[in-house]
Amino acid sequence: MSDVDPDLSGVEAGLASYVAARRWFRGKARSIAAATLRDAIPLPVDGRRAWIGLVDVAYADGATDPYTLPLMTVDAEQAAAIRRERPHLVVRERADGGAVVDAVGDARVLRALLALIGRDAVIEHGGSVLRFRRTARALEAVDAEPRPIDVEQSNTSVVYGQSYILKVIRKIDEGVSADLEMGEFLTHAGYAHAPAVAGAIDLAYGGAEPATLGILHGFVRNRGDAWAFFLGRLAQIAERPPAPGADPLGDDRARVRLLATRVAEMHVALASRSDLAAFAPEPITRGERERMVEAVRGSLRTAFAELTGRRGSALPADAASLVAVLAPRARDFEARLDRFITREVAAWKTRVHGDLHLGQVLVSDDDFVIIDFEGEPARPLSERKAKRSPLADVAGLLRSLHYATVAAARARGTPEARGALQAWHVESSRELQRAYFAGTRGQSFQTAPGDVQAMLDFYALEKCVYEVLYELNNRPDWVAIPLAGLAEWIERTDDP
Ligand SMILES: Nc1ncnc2c1ncn2[C@@H]1O[C@H](COP(=O)(O)OP(=O)(O)O)[C@@H](O)[C@H]1O
Ligand SMILES: O=P(O)(O)O[C@H]1O[C@H](CO)[C@@H](O[C@H]2O[C@H](CO)[C@@H](O)[C@H](O)[C@H]2O)[C@H](O)[C@H]1O
């Protein structure tokens, strides 16, 4: 702890177990050696002692990840209320009955953060420089009490009425966050179906490139995300399957079509600046395909090793029976991956969303808004900013439609329900592709028509394997869902 306020003394004891228990902590599969408070940058907040804390989490394997932890000291009365209502915010109990807490729960601190962005404030402390930046011309006044949102997420977001949402980025990566870079790009490109960026917070320390700690977006009025929306629809379909001969998608056909159109428009916008090196479309070379295949081969082997090793013995029964069928076919997966190298493929790469699934799409009035351009949280920032085929996003959405139908079938698995859900899956996947390719027809980044399926298959497998590892680390009860995806994939890509 370097030059940290005496009010925070003692906070490091217990910091490792505090961090390890948070949803936003990314190193759940690793063993923590120590967590230390590298710095605590004081924030000017009326009536509060608050800081932006920078926590270094050191792992047993020698690596270290820095995390953002806004901190605040509270007296015994405030601490009692927090213990009662939001115990997960209590970082450290103090002998006087007070506590050191995560400050994201405090309205005064949150208002101060918005005000600091609004006036482009700069706070220097020790070797750290915290820079607040407004990208909108002016921020609108917000009367409503700011509050953290109450959904599962990889960071912590705070809403300011119906005006703004501030994402406090937890795991700190050197450089501008992909979400901020993509959001500013799409805002300037005039793409209307992603939230506008209104401001940002970054941190520079020790000569390193500034890291994004926060992004302020315009708040999108919504009725939840497309994952919850389609799960609701699928529950209805499972309960009352469409009559024989009726469209298995019903009203969802138009919705899936609109969603695909918004994704196509996003890809057109992302490919619109061939003058900007970070965004200019480029062909995918054979060497790159070889690297892509090797990376997926490595993840596939890790996934099978985890599924059949120590973790395997703790798997839920539905997952264990899928592993029993899939593990003996590990070589078949790899053989199919090899075909992706041996054939010629004419495809382009551009900047893409990178982690597109139904949970990244908000349902607003009768339209869709795409959020969270951070890429897959488990990948390093450089990979998350790398150009990829836009078909990677399409494959992500196709995987998500499959996820939703498998999740719905787990909830209600009568033969009639399964049949209706299967038909919905097949038709929604077709409709999504039809509308997407209509929306990108004639664009220079389009993959040659004869190569589309090979590309989609590659990215579907890559995503499935990622999902298996993601679920093993975060929601082991869900691992059967991507395993069902692997089973579907190997069957669908079987030699004729
Ligand atoms: N611009 C926005 N307007 C309204 N709600 C939003 C907006 N952006 C995000 N959200 C809400 O915040 C949640 C988390 O946002 P997300 O960007 O996915 O965070 P994370 O990267 O931490 O997973 C979303 O699921 C959504 O409910
Ligand atoms: O936290 P993020 O939203 O950036 O994404 C991660 O978590 C997702 C789960 O919350 C995970 O998505 C997987 O589950 C979804 C349903 O909860 C499903 O719609 C997706 O298709 C499936 O991949 C995502 O992979 C992970 O990166």
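The values are calculated or read from the model by the stated rules, or taken from the named source; none is laboratory data. For clarity, every value in this text was computed on a predicted model and none was experimentally measured. Glycine gets a Cβ as well: all are built from the backbone with ideal geometry, and neighbour counts include every protein chain shown.
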#### Entry: Those residues of the range 371-391 which are surrounded by fewer than 24 Cβ atoms within 10 Å (Cβ to Cβ) and either assigned to a strand (DSSP E or B) or more than 11 Å from ligand 1 (Cβ to nearest atom) (or both), in sequence order
A378, R379, P380, L381, S382, E383, R384, K385, A386, K387, R388
### Query
Only one of (1) under 25 Å from F340 (Cα atoms); (2) away from ligand 2 (no atom under 16 Å from the Cβ); (3) of a type in the set (K, R); (4) crowded, with 16+ Cβ neighbours inside 10 Å is not met by K463, so which one is it?
(2)
### Query
Is it true that some residue in the range 397-406 is under 24 Å from D173 (Cα atoms) and either more than 10 Å from ligand 2 (Cβ to nearest atom) or outside any loop (DSSP other than H, G, I, E, B) (or both)?
no
### Cβ pairs under 7 Å, 6+ apart, first in the range 149-168 and within 11 Å of F219 (Cα to Cα) and in contact (Cβ under 8 Å) with a residue 60 or more places away in the chain, second more than 16 Å from ligand 2 (Cβ to nearest atom) and assigned to a strand (DSSP E or B)
V159/R147
### Task
Report, by residue number, each residue of the range 444-496 that is assigned to a helix (DSSP H, G or I), polar (S, T, N, Q) and farther than 23 Å from A271 by Cβ.
N473, N474
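A quick yes/no check of all residues on (1) near ligand 1 (Cβ under 10 Å from one of its atoms); (2) touching a His at 6+ places or on another chain (Cβ under 7 Å):
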position: V101; (1), (2): no, no
position: D106; (1), (2): no, no
position: A112; (1), (2): no, no
position: G127; (1), (2): no, no
position: L139; (1), (2): no, no
position: P146; (1), (2): no, no
position: D150; (1), (2): yes, no
position: N155; (1), (2): yes, no
position: I165; (1), (2): yes, yes
### Query
Exactly one of (1) surrounded by fewer than 19 Cβ atoms within 10 Å (Cβ to Cβ); (2) of a type in the set (S, T, N, Q); (3) more than 25 Å from the chain's Cα centre (by Cα); (4) more than 23 Å from A211 (Cβ to Cβ) is unmet by T36. Its number?
(4)
### Query
Just checking, which of L249, L270, L307, L300 is more than 16 Å from ligand 1 (Cβ to nearest atom), touching a Lys or Arg at 6+ places or on another chain (Cβ under 8 Å) and closer than 23 Å to K463 by Cβ?
L270
### Message
Can you tell me which residue is farthest from G118 (Cα to Cα) among those in the range 177-223 that are among the polar types (S, T, N, Q) and within 16 Å of ligand 2 (Cβ to nearest atom)?
### Response
N222
### Summary
Checked pairs for the range 346-357, first assigned by TED's automatic domain parsing to the domain that holds A280 and closer than 14 Å to Y191 by Cβ, second away from ligand 1 (no atom under 11 Å from the Cβ) and part of a loop (DSSP other than H, G, I, E, B), C-beta under 7 Å and 6 or more apart or across chains, list as T350/A271; T350/P281; T350/K387; T350/P390; T350/F445; R351/F279; R351/K387; V352/P390
### Query
Can you spot a residue in the range 193-208 that is under 23 Å from the mean Cα position of the chain (by Cα) and free of Cβ contacts under 8 Å to residues at least 60 places away in the same chain?
no
### Message
Six or more apart or on different chains, Cβ atoms under 9 Å: show the pairs whose first residue is in the range 108-126 and free of Cβ contacts under 8 Å to residues at least 60 places away in the same chain and whose second is in a helix (DSSP H, G or I) and buried (at least 16 other Cβ atoms within 10 Å of the Cβ).
### Response
L110/A103; L110/V104
### Task
Look at L166 and say whether it is buried (at least 20 other Cβ atoms within 10 Å of the Cβ) and either within 16 Å of ligand 2 (Cβ to nearest atom) or assigned to a strand (DSSP E or B) (or both).
yes
### Sole residue being surrounded by fewer than 22 Cβ atoms within 10 Å (Cβ to Cβ) and either under 23 Å from L486 (Cα atoms) or within 12 Å of ligand 2 (Cβ to nearest atom) (or both), chosen from A409, A346
A409
## Note on the structure
Checked the range 67-97 for anything crowded, with 19+ Cβ neighbours inside 10 Å and of a type in the set (V, I, T); matches are T68, T73, V74, I82, V91
### Task
Could you look through the range 74-105, keep only residues that are part of a strand (DSSP E or B) and acidic (D, E), and pick out the one that is farthest from P148 (Cα to Cα)?
E93
### Message
Please go through (1) surrounded by 18 or more Cβ atoms within 10 Å (Cβ to Cβ); (2) of a type in the set (G, A, S); (3) over 30 Å from V55 (Cβ atoms) for A198 and return the number of the only condition it doesn't satisfy.
### Response
(3)
### Check on V45, assigned to a loop (DSSP other than H, G, I, E, B), under 19 Å from L203 (Cα atoms) and not aromatic (F, W, Y)
yes
### Query
Tell me, which residue of the range 413-459 that is of a type in the set (S, T, Y) and modelled with pLDDT of 95 or more is surrounded by the most Cβ atoms within 10 Å (Cβ to Cβ)?
S428
### Task
Hey, can you tell me all the residues within the range 335-370 that are closer than 25 Å to E174 by Cβ and touching a strand residue (DSSP E or B) at 6+ places or on another chain (Cβ under 6 Å)?
K349, V352
